[in-house]
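All remarks here apply to the structure that follows.
The values are calculated or read from the model by the stated rules, or taken from the named source; none is laboratory data. Worth saying up front: this structure is predicted, and the values here are computed from it rather than measured. No Cβ is skipped: glycine too gets one built from the backbone with ideal geometry, and neighbour counts run over all protein chains shown. Accessible surface areas use protein heavy atoms only, side chains included; no ligands, DNA or RNA. Shrake-Rupley method; radii C 1.70, N 1.55, O 1.52, S 1.80 Å.
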Amino acid sequence: MGDRTSTDRHDGSSDVHEESATGGLAGLSGRAPDGGGTGAGDRAGLTRSGPPDGRAAAGSGPGGGTAEAARADGVPGGGRAPGRDGRLASHDGGGRRRAARGAGRGARTRTARNPRGVVTLDDVARLAGVSLATASRVLGPASARRVGSELRERVEKAARQLGYTPNLVARTLAHGASDLVGLVVPGLAEPYFAALADGVLRAAERDGLAVLVGAGRGDPEREIAHLATLRAQRARAIVLAGVDAVAVPVASGLRAELERYQAIGGRVACVARELPAADPGAGPLGDLPVDLVVPDDRGGASRLAQALAALGHRRFAVLAGPPELPQVRERVAGFTAGLIGAGLPAPRVLHAACDRDGGRAAAERLLAEGTDATCLFAVSDAMALGALDTLRARGVPVPDALSLAGFGDHAGSPDLTTVRPPAEGMGERALDLALRPAPAAEPYRGRVVAVPGEVVVRGSVRRIG
């Protein structure tokens, strides 16, 4: 498997809407640079930023000029048409024009809009004083031909003044890919997946893309249907999150649909809560060119150990889950490395089930055998809450007698010191990977990116000294 890298977490927010009850894909629009809103989640289909019929909304550009849609009957009375320098040529009721002085060579002031009131790329080019080809390179999909900064600023300013919205249907026909990206998740009710979707939205809006979201709800056939819809929409990239196929051999139907999508140039990045227990020499989905984004469990646990050491703790015990679980091994190894890096001895490790009952049992054993630890680290918040049940039942006050920390920041543990998973950052990174494929290499080795989480110190840990 490829080298693991890390990326910083970014903060931000955006509205998220889930799939409708009809089974279609719900449309999510990232916040566009002009502040366009998101679509309603109770309606299947895509909602884009800006007016739904593609017409430009009235607004003001940075030069102070306004853009007004022409009347449906095409009569120019009262309308305004911008000159090439951004000034306006106004019309009185008799249709007489007072043309503003134009800027640039041979500039002529336009006197009327398209009769339908739709702002076209040609309108933008005229106002900016550039060729249609130049305007297309600035506002169209990424082009190999670069445009100078002065021309780019003129085109972008004209587009803002006119309220220009690209014709996405024409763009799809011309370039073979739409300005859509897809996200397939189990659902959005769980905060983890809602946050992950928010990260995908933020990454999409930076590139001016819209997001279609499908909720698999644990049904592989439903996931396959969502992938087929995204393929039919010619989505540029797909983020696949929480799908069982990440950790186990891919079901034949899902694999076949991914191959059909990749055959038309599509790329997929998967998001998993842990590293898959698979051959590290293969990609996360076998030999498919699919990248994988995972939380940096090892790094998060190491940073937690360092934070606890900085609070004065010197002796630790670790309540760990089954050692065969990859995330357990990563978290125990990271926590131990963090302590050793701080000049402290390795902790005592007790293994049990990685759930609340396991946390109760491990804490009972620790207390029965005796410990001089001042802080317990449980590799999951569920285990930490189970340990807290035992400590309370045995009359051990937390944090006065014994501090306690977990991992995961799950709901139900508002006072627990923990490591918050980087769901938003993982969503952002996954879409970035899918949109920006690695250089071609033979044989393909799927990229694996580990995104660091955030240490959150709360009331379950006290400072010593």
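Check E364, E428 and return the single one that is among the charged types (D, E, K, R), assigned to a helix (DSSP H, G or I) and surrounded by 24 or more Cβ atoms within 10 Å (Cβ to Cβ).
The conditions single out E428.
Could you list, in sequence order, all residues of region 139-151 that are closer than 27 Å to R234 by Cβ and either in a loop (DSSP other than H, G, I, E, B) or modelled with pLDDT of 85 or more (or both)? Walk me through how you get there before you give the answer.
Quick first cut of region 139-151, residues closer than 27 Å to R234 by Cβ only: 139-147.
Within region 139-151, G140, P141, A142, S143, A144, R145, R146, V147 meet the criteria.
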Practice task
Identify the residue in region 190-216 that is in contact with a helix residue (DSSP H, G or I) (Cβ under 9 Å, 6 or more places away or on another chain) and acidic (D, E) and, among all such residues, is most open to solvent (accessible area, probe 1.4 Å).
Solution key: D207
Exercise for the section: Assess whether G359 counts as being open to solvent by 60 Å² or more (accessible area, probe 1.4 Å) and not β-branched (V, I, T). Expected result: no
Problem - Where A434 falls short, out of the listed (1) of a type outside the set (S, T, N, Q); (2) modelled with pLDDT of 95 or more; (3) open to solvent by less than 30 Å² (accessible area, probe 1.4 Å); (4) outside any loop (DSSP other than H, G, I, E, B) - result: (2)
Exercise for the section: Mind listing whichever residues of region 310-350 are under 24 Å from A401 (Cβ atoms), open to solvent by less than 10 Å² (accessible area, probe 1.4 Å) and of a type in the set (G, A, S)? Expected result: A317, A320, G338
Handout entry: Some residue of region 224-233 being surrounded by fewer than 22 Cβ atoms within 10 Å (Cβ to Cβ), modelled with pLDDT of 90 or more and β-branched (V, I, T)
Key = yes
Exercise for the section: Could you please find all residues in region 386-415 being closer than 19 Å to V328 by Cα and crowded, with 24+ Cβ neighbours inside 10 Å? Expected result: G386, A387, L404, A405, G406, F407, G408
